[in-house]
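Worksheet: one structure, shown below.
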Amino acid sequence: ININVRRLGGSYGAKLSRNTQIACACAVAAHVLNRPARFIMTIESNMSSIGKRFPVSHEYEIGVDEEGVIQYLNQTSWHNYGSSLNDPNVGEAINFSFSCYDKSVWSSVGYTARTDLPHNTYCRAPGSTEGIAMAENMLEHIAQALGKDPVDVRLKNMNSTDKGPLSKMITDIKNTSDYDARVAAVNMFNRENRWKKRGISLIPMKYSLQTGGPWNALVTVYPRDGTVAVLHGGVEVGQGINTKIAQVTAHTLGLDLDMISVKPTNNLVAPSNAVTGGSISTECAANATIAACNTLLERLEPVKKKLGNPTWKELVFAAYGDNVNLCVQTMLSANGAEGYPIYGVGVSEVEVDVLTGQHIIRRVDILEDAGISMNPEIDRGQVEGAFVMGIGYWTSEDLMYDPHTGVLVNNRTW
């Protein structure tokens, strides 16, 4: 079976496992008819057959002191998988529910619920989205119950490791967003208006990124013109992985970007790669590509010393003449690779009409610690796109079923 993937037209978690249903249907059709088969799904058939996000029910009991510091916390969550237990979601939700907070006095239990409803599956940030929401809802509840500043309550309950970087980010975004003055303005607006109300919130976040493997990469140099082709084990799903792979290749080899081309992923060069997901694929594929480039440079070094100070084209053509292998394949193993936290802070101001429920998002400020970004424009676009998708999730999405048949009724985006 030969698999070639140039790109996907945008995709999230369901691609990790539910793709087998469509692939098998195509394979059966191609085998029976002995001709190519193409399977295109409408959004309605997609959501009906592949599934939606996991609904989660969350209960908790919390004891706090007069400052809002948690003394004990017992939380239980139920995750509705529907009629079949597709993708694991409980563990992710519990782990991410700790977020940046001190979990030493937390007791967390999660249950998988198999029901007579249609099955569900992964979607963007499965488990982590719900888990962080569980945590922030509890911290907000504490602040409201005690009449405390929600930001102060959050800072008091952070663990020592995460409090350092996040407290600085909170200070920074308070300054850049003019947070304190806007809080006062929101309070004044609410006192002066009966039917419209405003709210402003500052939320910290920690995403515990986990690495995985294996990851393959192949780098080939064409000696006649010096151009370089790269094939890696990740899949371009709109996150810009191919652009970043071209960038790290050009940077490592010291070439212009227009000398690099990224080929479609296939299962010959990358037969058993880890899944493209979890916000780690680009980084892992880039590291594998850099390793291949470094091996190539090592092979070229003796030729370079012999020629003195050749151009890239002179170097690779001479190496070709010396029978140097200009094709390098590497595999990045997961062994020894460590995950790390990604921190973010957001400030949102919202206005709601209490008679109609219509709401307006007046302003949003987001700050993310992206480390040394390979491509700030792409990364900024990813953050903005993720936030907008989250707006839809928390304000517009619901699961509605026919009360008699159990069929999913809202099987589209509206």
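The values are calculated or read from the model by the stated rules, or taken from the named source; none is laboratory data. Remember, it's a predicted structure, so these values are computed and weren't measured experimentally. Reconstructed Cβ throughout: ideal geometry from the backbone, glycine too, with neighbour counts over all protein chains shown.
Odds and ends about this structure:
- Residue within the stretch 246-265 that is in contact with a Lys or Arg (Cβ under 6 Å, 6 or more places away or on another chain), in a loop (DSSP other than H, G, I, E, B) and closer than 20 Å to Ala14 by Cα present: no
- Residue that is surrounded by the fewest Cβ atoms within 10 Å (Cβ to Cβ), among those in the stretch 331-373 that are under 16 Å from the mean Cα position of the chain (by Cα) and acidic (Asp, Glu): Asp369
- Residue in the stretch 200-210 that is under 30 Å from Asp258 (Cβ atoms) and either polar (S, T, N, Q) or buried (at least 20 other Cβ atoms within 10 Å of the Cβ) (or both) present: no
- Filter result (surrounded by 10 or more Cβ atoms within 10 Å (Cβ to Cβ) and either at pLDDT below 90 or in the same structural domain as Ile43 (by the TED database) (or both)) within the stretch 374-398: Glu397
- Of the residues screened, Thr330 is one that is polar (S, T, N, Q) and either outside any loop (DSSP other than H, G, I, E, B) or modelled with pLDDT of 95 or more (or both).
- For the stretch 197-213, a tally of residues being of a type in the set (Val, Ile, Thr) and farther than 18 Å from Thr282 by Cβ returns 2.
- Residue that is surrounded by the most Cβ atoms within 10 Å (Cβ to Cβ), among those in the stretch 76-127 that are in a loop (DSSP other than H, G, I, E, B) and of a type in the set (A, V, I, L, M): Ala125
- Residue in the stretch 199-216 that is basic (Lys, Arg), outside any helix (DSSP H, G or I) and farther than 23 Å from Ala292 by Cα present: yes
- Subset of the stretch 1-55 that is among the hydroxyl-bearing types (Ser, Thr, Tyr) and farther than 23 Å from Ala274 by Cβ - its residue that is surrounded by the most Cβ atoms within 10 Å (Cβ to Cβ): Ser48
- Taken over the stretch 261-301, residues that are crowded, with 20+ Cβ neighbours inside 10 Å, within 20 Å of Val228 (Cβ to Cβ) and small (Gly, Ala, Ser) amount to 5.
- For Thr220, the requirement of being in contact (Cβ under 8 Å) with a residue 40 or more places away in the chain and over 21 Å from the mean Cα position of the chain (by Cα) is met.
- Close pairs (6 angstrom Cβ cut-off, 6 or more residues apart or separate chains): within 23 Å of Thr356 (Cβ to Cβ) and assigned by the TED database to the domain that holds Glu349 in the stretch 181-196, polar (S, T, N, Q) and not in a strand (DSSP E or B) anywhere: none
- Any hit, the stretch 378-396, residues being free of Cβ contacts under 8 Å to residues at least 24 places away in the same chain and assigned to a strand (DSSP E or B): no
- Considering Ala270, Ala291, Ala286, the condition of being closer than 13 Å to Pro214 by Cα and in a helix (DSSP H, G or I) is satisfied by Ala286 alone.
- Output for the stretch 1-46, where each listed residue is aromatic (Phe, Trp, Tyr) and at pLDDT below 85: Tyr12
- Among the residues listed as Val275, Val324, the single one being touching a Leu at 6+ places or on another chain (Cβ under 8 Å), at pLDDT below 95 and aliphatic (A, V, I, L, M): Val275
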